[in-house]
Amino acid sequence: MASTSKDSLPSHLTHQENIDDDLVPGACPESILNPTDSFEEIETEMSTDPEQRHAKLTTKSSTISEIQSEIGEPSKDMKTAKSSDDLKEGMASSPSSSNITEQNGDDVDTDKDEYLQSPELVNKEKHVFILSSAGKPIYSRYGNEDKLAGLCGVIQALVSVVEDHDQDILRSICTKDCKAVFLVKGPLILVAVSKSNESETQLVMQLTYAFNQIVSVLTLTQLNRIFEQRRNYDLRRLLAGAERLIDNLLIFMEKDPAFLLGAVRCLPLPEKARENITNAIISTCNKIRDLVFAILIAGNQLITLVRMKKYTLHPSDIHLLFNLVRSSESFKTAESWTPVCLPKFDATGFLHGHVSYISEDCQACLLLLTVQRDAFYPLSQAKHTIAEKLEKMKCIGAINDALNRSKDLPTTNPLKHIGIPIIRHFMYKCKSTAQLFTSDPISLDRLQDYRIMHKEGGDITVKKIEKLSDIDYVKNYRKFCNQIHCATVPAKFIFRSNCENTILAWITNGFELYVTFDALVEKEQTKKAVDHLLQWIKREENRIFIMNAPTF
Amino acid sequence: MKVIEAKIVVLGSQGVGKTSLVVRYIGKMFSRHISPTIGASFFTCNINLAEARVKLQVWDTAGQERFRSMAPMYYRNANAALLVFDITCRASFAAVKGWVKELQSNAAGPLVLALVGNKADLAAARAVPATDAARYAAALGAPYTETSALRSAASRRGGCGGCGGVGGRGARGAARLEPAHAARRHPAPALLLAAAAGAAGAEVSAGGGRVELPAWSLHTPRADTPRPLCC
Ligand SMILES: Nc1nc2c(ncn2[C@@H]2O[C@H](COP(=O)(O)OP(=O)(O)OP(=O)(O)O)[C@@H](O)[C@H]2O)c(=O)[nH]1
Ligand SMILES: [Mg+2]
């Protein structure tokens with residue numbers, strides 16, 4: 001493959017490198033999202049000092065308690081789902097799961113080695129295994145983790161040998177076509193074994209997400225306490241039903257560039273419509289003192305987020321909420337009331353969420369998150385009021401138009417609207433607000449398709465791709481994204497042209513931009529195109545992005 | 001007319017069919033693809049009794065273990081608890097006993113209990129003898145009914161061959177409910193709420209379109225049992 005790679009910044013672009021905030025499409029002084037890059041955190045994650053990593057996990061004050069004391073709530077037993085008595089009782093009443101593991105402990109290797117060769121497991125692009133630090137299987141992306149006790153034992157041994165013997169940390173093992181990446185976090189060991197083109201950092205990030213998903217279900221406090229009490233605890237009991245969340249999260253991470261960029265996608269809406277929606281929420285909820293966040297989402301896209309003053313959400317917490325809503329069909333049946341822990345916001349405790357769809361004919365889901373576990377009824381009331389207001393102001397129609405990708409909207413088919421034929425695909429992230437926009441928004445049903453595809457395989461295929469899908473484009477960006485976020489020698493601008501396509505990756509203080517052009521396009525042409533593209537995004541920014549940071 | 005508010009909490013292991021039953025009963029929507037409940041779901045429905053209008057609030061809880069500790073939040077203020085198990089799953093019956101113990105030691109006020117054995121359509125795979133369940137219910141002073149959310153659903157769609165002849169009518173004892181006939185006059189939740197509201201004598205009005213929502217077709221012995229009344 002003829003490929004030229006130039007990491008140096010071309011002169012014609014240099015002058016733009018530190019463009020004014022005013023010129024950065026989507027930038028605004030205050031952000032609803034916490035724009036801290038996950039990439040930096042991942043670097044500490046990958047730090048080789050065990051002490052340092054451990055410290056990160058344990059010391060953290062509770063934001064939830066802070067809010068409770070501010071609004072004058074006695075901090076009740078919010079944080080902990082389980083008293084230790086419950087836990088013991090629970091374990092006693094579940095002989096089944098522990099039996100299974102014990103059985104597995106006995107019939108060593110013979111069967112299992114065969115199992116490792118079974119079609120369920122071989123030839124997968126990426127495996128993810130989660131086990132306890134005692135070596136007990138907790139989750140496997142493919143196959144039956146029960147039968148993987150042997151493998152988990154080996155993983156545990158590898159990790160602990162490096163830790164105990166060398167006072168070091170096992171980060172990865174690479175073979176010719178495969179990398180295994182390890183992440184030890186609290187009482188868990190997470191491993192990704194991948195043949196994809198994802199970098200070690202990207203894999204660690206995914207493992208961190210998987211860990212956070214578990215924390216989101218249990219809280220870190222509970223997770224730690226369980227294993228302090230019983231090192232051998234079979235966590236699958238408590239995670240029963242939550243495997244689906246991890247499954248789906250792993251699929252999303254491979255498909256949705258939001259994870260790659262650590263950003264949140266917004267549902268493009270006319271500025272006025274979004275403003276009306278936001279105001280409907282504020283005017284209804286501003287008297288509810290314990291409400292921390294009101295979030296309206298649809299199809300993994302944010303419609304609006306209203307927050308308690310001082311508090312913002314991290315994109316990765318929003319991603320977990322997206323995943324929860326996407327994975328829980330039951331929210332469509334009725335109003336729900338559920339505990340949810342947002343690890344970046346407060347890993348030690350649960351928020352309580354009133355979750356409901358706005359109306360039968362609108363796929364927008366409203367989450368009202370509070371620190372008060374008895375707040376269901378007032379929030380239920382608030383939801384109905386909000387739904388009425390949205391109906392009255394015709395916001396439902398605007399949301400549905402955007403979700404159905406109505407042809408009239410410029411954001412439905414941006415490339416056509418922008419009208420630069422050499423651009424095949426692009427993705428743009430505004431750094432100060434951690435929001436992203438791509439030329440081909442992933443639609444609702446297509447994500448469903450991915451799930452079906454994934455069920456059928458996840459196998460490595462060598463089919464020749466005729467027409468690239470948005471996912472293929474995003475996969476191609478991984479390598480560039482990795483170079484741009486490289487901790488040691490980060491690239492600022494990459495231009496690579498070959499007979500298949502031309503890819504440009506560019507990071508400034510204000511944004512990150514990845515564009516795929518036709519093959520063998522001249523640099524001069526791409527400069528013009530990029531200027532034009534940025535102008536278009538700038539012009540549409542009020543529709544594409546949330547440009548304010550409303551509070552109650 | 002008097003308006004009574006009553007809260008019912010539905011408890012039971014994961015996958016026994018709590019949501020299926022509630023959705024069947026509330027009749028707001030029929031779904032064959034009910035997925036596991038997350039946290040708890042809140043349903044309301046209004047029922048007109050002879051002398052009162054009842055606003056029924058139903059908390060359908062999640063059976064998944066991780067939500068277990070949230071249960072007190074829902075049963076604390078309830079007037080009645082519907083304890084559901086799956087007749088094909090012994091462990092789910094054992095779990096009901098666990099719930100009863102917990103309710104007895106934790107419930108704040110008087111709580112009316114009712115025991116429901118679901119999935120009666122799977123009688124061939126029955127693991128909990130009806131007599132055991134009935135005896136246990138009787139000891140609690142609770143009514144015991146066997147039902148099938150699925151079969152009711154099928155009958156609602158107007159045809160279901162081959163699932164008649166279901167056993168488990170043998171609910172004998174103090175809490176016995178006559179099948180079909182009694183079920184129509186006293187659909188379990190209505191019975192519960194009547195008791196809960198201290199109006200135990202009240203007849204659930206089955207005729208005249210006064211029951212606004214389809215009543216729970218409990219213990220319908222044959223598939224062709226007419227669907228209970230509806231608005
Ligand atoms: N055969 C049969 N299947 C049923 C019946 N009721 C429910 N099911 C099935 O059992 C499964 C679980 O039903 P749910 O209603 O979700 O059970 P649940 O008790 O609400 O489960 P959780 O919400 O996880 O606690 C679903 O696949 C239903 O279709 C029944 O009467 N007969
Ligand atoms: Mg349910």
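Key figures
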| quantity | calculated |
| --- | --- |
| Share antiparallel - DSSP beta bridges, the stretch B:15-114, percent rounded to 5 | 75 percent |
| Kirkwood-type radius of the stretch A:265-403, with distances r between different C-alpha atoms, in Å | 14.9 Å |
| Inter-part distance where the stretch B:86-136 and the stretch B:56-84 are each reduced to a Cα centre, Å | 14 Å |
| Inter-label distance, nm, simple model (7 Å from Cα along the C-beta direction), A:Lys309/A:Glu391 | 3.4 nm |
| The stretch A:265-403 - percent relative contact order, Cα under 8 Å, separation 6 or more | 29 percent |
| Count of lysine pairs in the stretch A:265-403 with Cα separation under 18 Å (8 or more residues apart, or interchain) | 12 |
| Residue-normalised accessible area of the stretch A:265-403, given per residue in Å² at a 1.4 Å probe | 29 Å² |
| Value of D in µm² per second that Stokes-Einstein yields for the stretch A:460-552, Kirkwood Rh from Cα pairs, at 10 °C (1.306 mPa s) | 103 µm²/s |
| Normalised convex hull volume, the stretch B:67-128, alpha-carbon set, Å³ per residue | 82 Å³ |
| Shielding score for B:66-72, defined as the mean number of other chain Cβ atoms within 10 Å | 6 |
| Chains B and A together, accessible area buried on both sides, 1.4 angstrom probe, square angstrom | 2300 Å² |
| Accessible carbon and sulfur surface of the stretch A:332-432 relative to its total accessible area, %, 1.4 Å | 51 percent |
| Probe 1.4 Å, accessible area per residue of the stretch B:1-95, Å² | 34 Å² |
| For residues of A:367-379, the mean tally of beta carbons on other chains within 10 Å | 1 |
| Portion, in percent, of the accessible area of the stretch A:176-261 that falls on carbon or sulfur, probe 1.4 Å | 48 percent |
| Relative contact order (%) - the stretch A:195-328, alpha-carbon pairs under 8 angstrom, separation at least six | 25 percent |
| DSSP beta bridge pairing in the stretch A:265-403, given as percent antiparallel to the nearest 5 | 95 percent |
| P(r) histogram, all alpha-carbon pairs of the stretch A:159-267 included - 5 Å bins from 0, percent | 2, 10, 18, 20, 20, 16, 9, 4, 1, 0, 0 |
| 10 Å Cβ neighbours from other chains, averaged over peptide A:240-249 | 3 |
| Inter-centroid distance (Cα atoms) of the stretch A:345-377 relative to the stretch B:1-52, Å | 20 Å |
| Sequence ranges A:405-411, A:316-322, ranked by mean other-Cβ count within 10 angstrom, highest first | A:316-322, A:405-411 |
| Across A:Lys429/A:Lys475; A:Lys126/A:Lys255; A:Lys185/A:Lys429, pairs whose alpha-carbon gap is larger than 20 Å | A:Lys185/A:Lys429 |
| For peptides B:120-133, A:352-365, A:162-175, sequence by mean Cβ density within 10 Å, most packed first | A:352-365, B:120-133, A:162-175 |
| C-alpha center-to-center spacing [the stretch A:134-155, the stretch A:382-432] in angstrom | 43 Å |
| Label-to-label distance, nm, for residues given as A:Val154 and A:Lys407 (7 Å Cα→Cβ offset) | 5.6 nm |
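The values are calculated or read from the model by the stated rules, or taken from the named source; none is laboratory data. Quick caveat, the model's predicted, so the values are computed rather than measured. With ideal geometry, Cβ positions are generated from the backbone for all residues, glycine too; neighbour counts draw on all protein chains shown. Ligands, DNA and RNA are excluded from the accessible area calculation, which covers all protein heavy atoms including side chains. Shrake-Rupley method; radii C 1.70, N 1.55, O 1.52, S 1.80 Å.
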